[in-house]
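Structure first, then comments.
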Amino acid sequence: MSTIFSKIIAREIPADIVYEDDLVLAFRDIAPQAPVHILIVPKKEIATVNDVSVEDETALGRLLTVAAKIAGDEGIAESGYRLIVNCNEDGGQEVFHLHMHILGGRRLGPMLAKR
Ligand code: AMP
């Protein structure tokens, strides 16, 4: 089932795109939780991490190489950043098109909220 991210990939709705190649698109999160908050999305519609397959390995690997490039471009490579991929309800996934968050530009604190 298509999501808002497929519409961004198809340029049917606007986004602040920072990177694109044959396999992935990266754009700024509409509700940033850090000075740098960018989403990197495979162009292929994959709903969740549970739905990945071996054929997706090139695109999924690209998420990491593009994250490293964006971190450099955004000036957060040395200060540091966090990469997050949420899955399903307990993971807090809201958009069911697999994506990687890159967050940085401030001290992010503990990895998980205390229970
Ligand atoms: P997740 O909870 O991992 O599914 O994250 C979904 C993210 O998508 C959230 O951080 C939202 O702020 C972001 N988001 C939702 N709609 C848009 C949009 N149209 N453009 C950019 N980011 C969006």
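Any lysines with Cα under 23 Å of the residue 7 Cα? List them, leaving off those in the same chain fewer than 8 positions away.
Those lysines meeting the cut-off are 43, 44.
In cubic angstrom, how much convex hull volume per residue do the alpha carbon atoms of the chain span? Could you put the intermediate results ahead of the total?
Values: hull volume 12.7 nm³, N = 115.
It is 111 Å³ per residue.
Under the rule of at least 5 residues apart or a separate chain, name every residue whose amide H is placed under 5 Å from the amide H of residue 93.
Counting only residues 5 or more places away or on other chains, the set is 87, 88.
Using a Cα-Cα cut-off of under 13 Å, which aspartates and glutamates could be cross-linked to residue 69, ignoring same-chain neighbours fewer than 8 residues away?
Those aspartates and glutamates meeting the cut-off are 20, 21, 78.
Compute the longest continuous run of the chain that contains no exposed GluC sites (Glu not before Pro); treat a site as exposed when its DSSP state is not H, G, I, E or B and it has at most 14 other Cβ atoms within 10 Å.
For GluC sites (Glu not before Pro) (loop position, at most 14 other Cβ atoms within 10 Å), the longest site-free span of the chain is 13-77.
What is the extension gain from residue 21 to residue 79, computed as 0.36 nm multiplied by their sequence separation minus the C-alpha to C-alpha distance, in nm to one decimal? Mind showing how you got there, number by number?
Numbers: separation 58, 0.36 × 58 = 20.88 nm, distance 2.62 nm.
Roughly 18.3 nm would be gained on extension.
Every number in this text was worked out from the coordinates using simple rules, so none of it is lab data. Not measured: the values here are computed from a predicted model. Cβ sites come from the backbone with ideal geometry, for glycine too, and all protein chains shown count toward neighbours.
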